[in-house]
Amino acid sequence: MRDFPPRRIVCLTEETVETLYLLGEQDRIVGVSGYAVRPPQVRREKPRVSAFISADIPKILALAPDLVLAFSDLQAAIVADLIRAGVAVHVFNQRDLAGIFAMIRTLGAIVGAADRAERLATDFAQRLAAIAATPRPSARPKVFFEEWDDPLISGIGWVSELIEIAGGEDVLPHLRACKAAKDRIISPDVVRDTMPDVILASWCGKKVVPDRIRKRPGWSDIPAVRNDRIVEIKSTIILQPGPAALTDGLDAIVKALWPERP
């Protein structure tokens, strides 16, 4: 990377895109992931250069980026190609709330906006603290978060933490430390035995079909199924480890756990 702060940035995942916009540094972005939808204007303002585990390397190189921002080992193949082509790459790997806050502060420092990033992170932390401190009308509901349906995969670390902040009890909290999805694969019987009051589902980019959940063998006695408390949360707001999860994602969890009474 010759220029500091980098003038031309390509973002291969959506959370760094949204963070740069929130920092007022969107003019540095010259290419984005095809999944970037926040803020809405990004779809008209920035060229799309990648999916999640694939990318148009020639298109990225044609943009002459000073820096490419990537996420986790899932993008390792893309990153390897870019490094071989001489491109500077920074790979984030946040899997919990602490990691999200570190990403915001790190990205702010990279683009010369450390003070603004600190204020943004502090504002988010205060927001989470206020929601966590909100009095609730009853005991914490037991919650199962379903990240995928076949095989059945439970929620990642930051989702588990947000459930607790929203006033729920994650029924499988020990799995939050498992960073890889393959390590959070569980049997339907494990979920049934926990008897969750609420099932939150976000099938990572495909529409949730509640009837499929209801019809699983042995699940008819689960309180969440019996009381029709199966709620889809869009993957764009909860499975993105960045601002979306801390705002709209958390708000959706709160609404699902504590629906307004007439």
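Structure data summary
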| item | result |
| --- | --- |
| Total residues in region 148-176, condition under 18 Å from I186 (Cα atoms) and in a loop (DSSP other than H, G, I, E, B) | 6 |
| Cross-chain or 6+ apart pairs with Cβ under 7 Å, region 203-229 first and farther than 14 Å from L152 by Cα, then part of a loop (DSSP other than H, G, I, E, B) | I222/M195; I222/P196; P223/M195; P223/P196; P223/D197; A224/P196; A224/D197; R229/D197 |
| Selection from region 1-47 of residues that are over 24 Å from R95 (Cβ atoms), surrounded by 15 or more Cβ atoms within 10 Å (Cβ to Cβ) and among the small types (G, A, S) | G31 |
| When residues of region 96-140 are limited to those that are open to solvent by 60 Å² or more (accessible area, probe 1.4 Å) and in a loop (DSSP other than H, G, I, E, B), the one nearest to I9 (Cα to Cα) | D96 |
| Search result, residues across region 51-68 that are surrounded by 14 or more Cβ atoms within 10 Å (Cβ to Cβ), closer than 13 Å to R7 by Cα and not acidic (D, E) | L63, P65, L67, V68 |
| Residue in region 141-149 that is of a type outside the set (S, T, N, Q) and surrounded by fewer than 16 Cβ atoms within 10 Å (Cβ to Cβ) present | no |
| Residue, nearest to Q240 (Cα to Cα), within region 187-218, restricted to residues that are open to solvent by less than 40 Å² (accessible area, probe 1.4 Å) and of a type in the set (S, T, N, Q) | S202 |
| Residue match in region 173-186 (condition: within 22 Å of N227 (Cα to Cα), assigned by the TED database to the domain that holds I238 and open to solvent by less than 60 Å² (accessible area, probe 1.4 Å)) | no |
| Residue that is nearest to the chain's Cα centre (by Cα) [pool: residues in region 220-262 that are open to solvent by 40 Å² or more (accessible area, probe 1.4 Å) and polar (S, T, N, Q)] | T236 |
| Residue in region 84-95 that is buried (at least 17 other Cβ atoms within 10 Å of the Cβ) and in a helix (DSSP H, G or I) present | no |
| Among the candidates G168, G108, residue that is over 17 Å from the mean Cα position of the chain (by Cα) and not assigned by the TED database to the domain that holds I213 | G108 |
| Residue among L152, L162 that alone is surrounded by fewer than 21 Cβ atoms within 10 Å (Cβ to Cβ), in the same structural domain as I233 (by the TED database) and modelled with pLDDT of 95 or more | L152 |
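The values are calculated or read from the model by the stated rules, or taken from the named source; none is laboratory data. Just so you know, these numbers come straight off a predicted model, no measurement behind them. Neighbour counts are summed over all protein chains in view; Cβ atoms, including those assigned to glycine, are modelled from backbone coordinates with ideal geometry. Quick note on the areas: whole protein, heavy atoms, side chains included, nothing else; ligands and nucleic acids left out. Shrake-Rupley method; radii C 1.70, N 1.55, O 1.52, S 1.80 Å.
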